[in-house]
Each structure stands twice: as C-alpha cells, then as structure tokens.
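Here, each number is a calculation from the coordinates, and none is a lab measurement. Computed from a predicted structure; not experimentally measured. When we count neighbours, we look across all protein chains shown, and the Cβ atoms used for this are built from the backbone with ideal geometry, even at glycine.
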Amino acid sequence: MTTATPIGPPTSDVPPAPTPRLRRSDSDRMVGGVCGGLAEYTGIDTALWRVAFVALTVLGGSGVFFYAVLWLLMPAPSVTPSTPLDRGVERLRTAVEDVAQRLHRS
C-alpha cells in the first residue's frame, strides 16, 4: 500500500507583483496627474477617469471639487515635485496633515 503525499500550496520562486501605490502620474497628466494616477492604481483607462470627472463637473460641478481634493490628498509622483504648482500642493498637503495630526492628539 502506498501513501499519497499531501498536496500543499504551490511554491514559486517568483515574488508576487507589488501593488501599485496611489500617486499622481508623472507621465500621463493633463492638469495634475490625478486621472493618470487613478488609472495606474485601478487599471481603468485614463480616458474613462477623465470622462467621469467631466461628467461630474457638467452634471453638478462636483467633478472639480473631487479632482481638487484628490490632487491635494494624492502624493506627488516623484520624491521632488517637478513644477512650482506641484511644490505648492505638496506644501499644502503636508500642512493639512500636520493640522490633522495636532487635532488628533488633542
């Protein structure tokens, strides 16, 4: 009588692909890189994200608000922001984070 060896999970030497980080895009950008960053993170085409923001803007104006909020909350695409506007947004984002941490401690 032979005993079968138990089948375990497959082992592989290939590490799993790293999950993408939600960042603004440096290469696929028209204004701030928000739609490009969302496209890289979700795998949904950039054009669809842009159409969604335009539709939200036309239907009630909330697209501009959401885009601006995401621009502030999403980190810059690289370690050093490349444009003066990106540097200003990065300073504003860190200031908001500092205020949030101070309020959380209180």
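Computed from phi, the 3J(HN,Hα) profile of segment 55-71 under the Karplus parametrisation 6.51, -1.76, 1.60 (θ = phi - 60°) reads 4, 4, 5, 5, 7, x, x, 6, x, 5, 4, 5, 4, 5, 5, 5, 4 Hz, with x in place of Gly and Pro.
Computed from phi, the 3J(HN,Hα) profile of segment 40-53 under the Karplus parametrisation 6.51, -1.76, 1.60 (θ = phi - 60°) reads 5, 6, 9, x, 8, 4, 4, 4, 5, 5, 5, 4, 4, 5 Hz, with x in place of Gly and Pro. Straightening the chain between residue 19 and residue 87 buys 21.9 nm, computed as 0.36 nm per residue apart minus the Cα-Cα spacing. A simple spin-label model places pseudo-atoms 7 Å from Cα toward Cβ; at residue 69 and residue 31 they are separated by 1.5 nm.
The distance separating the Cα centre of segment 67-106 from that of segment 35-62 comes to 21 Å. Computed from backbone phi, the HN-Hα couplings of segment 86-96 come to 5, 5, x, 5, 5, 5, 5, 5, 5, 5, 5 Hz, rounded to whole numbers (Karplus: 6.51 cos²θ - 1.76 cosθ + 1.60, θ = phi - 60°; Gly and Pro given as x).
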